[in-house]
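Written below as structure tokens is the structure these notes are about.
The values are calculated or read from the model by the stated rules, or taken from the named source; none is laboratory data. This is a predicted model, so every value here is computed, not measured. Glycine gets a Cβ as well: all are built from the backbone with ideal geometry, and neighbour counts include every protein chain shown. SASA here: full protein model, heavy atoms, side chains in, ligands and nucleic acids out. Shrake-Rupley method; radii C 1.70, N 1.55, O 1.52, S 1.80 Å.
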Amino acid sequence: MRRSSVLLLAGWLAITPLIIGCTSSLPLELPPTPSQASAKAVGNDYIIGPGDTLEVFVWRNPELTVTVPVRPDGKISTPLVENMVAIGKTPPQLARDMETVLAEYVRSPKVNIIVTTAASAFSLVKVVGQVAHPQALPYREGMTVLDAILAVGGLGQFASGNRARIVRVEHGQQTTIHVKLANLVNSGDVRENMPLKPGDVLVVPQSIF
């Protein structure tokens, strides 16, 4: 009986490395962190504003890596960088500005800015006029005119969809982009499915009788 137990134990010891080797070779896929998931929400051309939450990642300096809100005065404060103006900048622009300040304390700093929460007025897309529920929508990367129209419940009963327009302000200049929403919504003309940008205003006028 004792000999059988010894043989059984020896057998288990022999196959254990094989079991461990098989399991360790399996690919391990971890779910994305909240920062990685939310980083897809905005692009590098996003304009930072009050109310946004930023993750400031300083490569090889974990003690300087923090998550901070953009204060009502448009500034942020992180270790070694106090009262840095963030409002009106894109994430890469803010990262370069922070690198300039950190260079006084850290050798060749590399900073990455991730907008973990886009909550400022700059990030909103406003849909106004003859739609079911006019409102301001949080912008997300890849957002289109059709996404916005579906989010507000579609065109209103008296909408003149083909006279719709996108009002956009870039670098202090206002531009108007005309969109034939009726052709998009009713006829499926995807050529009219224009991409939107943070801060866009989609205006749907009323029909002229």
Exercise. Can you tell me which residues in segment 168-188 are open to solvent by less than 30 Å² (accessible area, probe 1.4 Å) and closer than 23 Å to R140 by Cβ?
Worked result: R168, V179, L181, L184
Exercise. Any chance segment 147-165 includes a residue that's under 30 Å from I76 (Cβ atoms) and modelled with pLDDT under 95?
Worked result: no
Exercise. With P72, P109 as the choices, which residue is assigned to a loop (DSSP other than H, G, I, E, B) and surrounded by 16 or more Cβ atoms within 10 Å (Cβ to Cβ)?
Worked result: P109
Exercise. Taking the stated definitions as given, is V6 modelled with pLDDT under 50, open to solvent by 40 Å² or more (accessible area, probe 1.4 Å) and among the aliphatic types (A, V, I, L, M)?
Worked result: yes
Exercise. Which of the residues spanning segment 142-180 are touching a helix residue (DSSP H, G or I) at 6+ places or on another chain (Cβ under 6 Å) and not hydrophobic (A, V, I, L, M, F, W, C)?
Worked result: G161, N162, K180
Exercise. Are any of the residues in segment 95-106 modelled with pLDDT of 95 or more, open to solvent by 30 Å² or more (accessible area, probe 1.4 Å) and in contact with a Ser or Thr (Cβ under 9 Å, 6 or more places away or on another chain)?
Worked result: yes
For this session: For segment 126-133, state whether one or more residues are open to solvent by 20 Å² or more (accessible area, probe 1.4 Å), in contact (Cβ under 8 Å) with a residue 40 or more places away in the chain and part of a helix (DSSP H, G or I).
Result: no
Problem set entry | Output for segment 139-162, where each listed residue is without any contact (Cβ under 8 Å) to a residue 40 or more places away in the chain and either acidic (D, E) or open to solvent by 20 Å² or more (accessible area, probe 1.4 Å) (or both) | L150, A151, G153, Q157, N162
Problem set entry | Members of segment 75-94 that are in contact (Cβ under 8 Å) with a residue 24 or more places away in the chain, crowded, with 19+ Cβ neighbours inside 10 Å and of a type outside the set (A, V, I, L, M, F, W, C) | K89, P91
For this session: Test each condition in (1) open to solvent by 40 Å² or more (accessible area, probe 1.4 Å); (2) closer than 16 Å to P198 by Cα for R60 and report the one that comes out false.
Result: (2)
